Amino acid sequence: MAEVASDFDQVVKEEFEYLIKEYGFSLVKCRDVAGGYEILFTNKTTGVLIEYEFREAYLFVTVYRLVNAVFVVDPGIIEPDTVLNGFSLDDILAVRNPDTIIKPAYEYGADSEFYNPETGLRLYVHKFAENLKHNASDTLRGDFQLFGKLDKIVKERASRLANS
């Protein structure tokens, strides 16, 4: 697993390098976490947290509005008055470009291009990096207008789940 983490670390750094070159981000953190790996990039206004869960074979990309230039993780429980500063790339894509949402790798099947031992991981990460760049460039530059719409969507979903 350490080899996968090392490969993942390098692939993410390369595929998301545009955050540094084009949007003024810095790589803040790369670390193993229980069952996966996480990498955090921040600039003056925005954070991008990239988490990979080995078991789920899925990349979670969350875009955060920094609070007083500090990265703050949202609380786990979402109430109507909860202030949310981070939203998943999947929610951004659901609003802006739903056809580009990427599923967990296992859902594509073992014969998928994502399971190619030489290129699969890079291709999978590249799809997420491309989606972020093409669908959230305004947010990466500190324009958080979309967050108002996403806040409503996320809170409505949380309310439905809590009541089911």
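The values are calculated or read from the model by the stated rules, or taken from the named source; none is laboratory data. Treat the numbers as computed from the prediction; the structure is a model and nothing was measured. Cβ coordinates were reconstructed from backbone atoms using ideal geometry, including for glycine residues, and neighbour counts include every protein chain displayed.
Just a few scattered comments:
Conditions tested, residue by residue: (1) loosely packed, with under 14 Cβ neighbours inside 10 Å; (2) more than 15 Å from the chain's Cα centre (by Cα).
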| site | (1), (2) |
| --- | --- |
| Phe60 | no, no |
| Phe71 | no, no |
| Ile78 | no, yes |
| Val83 | yes, yes |
| Phe87 | no, no |
| Asp99 | yes, yes |
| Arg122 | no, yes |
| His126 | no, no |
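- When the stretch 103-132 is filtered for residues that are of a type in the set (Val, Ile, Thr) and modelled with pLDDT of 95 or more, only Val125 remains.
- Complete set of residues in the stretch 43-67 that are among the hydroxyl-bearing types (Ser, Thr, Tyr) and at pLDDT 95 or above: Thr45, Thr46, Thr62, Tyr64
- With respect to being over 16 Å from Val61 (Cα atoms) and in contact (Cβ under 8 Å) with a residue 40 or more places away in the chain, Gly142 fits the description.
- Residues located in the stretch 111-135, provided they are touching a helix residue (DSSP H, G or I) at 6+ places or on another chain (Cβ under 8 Å) and in a loop (DSSP other than H, G, I, E, B): Ser112, Asn116, Thr119
- Matching residues, the stretch 136-164, being polar (S, T, N, Q), at pLDDT below 95 and assigned to a helix (DSSP H, G or I): Ser159
- Matching residues, the stretch 92-121, being without any contact (Cβ under 8 Å) to a residue 12 or more places away in the chain and polar (S, T, N, Q): Ser112, Asn116, Thr119
- Of all residues making up the stretch 43-91, the number that are free of Cβ contacts under 8 Å to residues at least 24 places away in the same chain and among the basic types (Lys, Arg): 1
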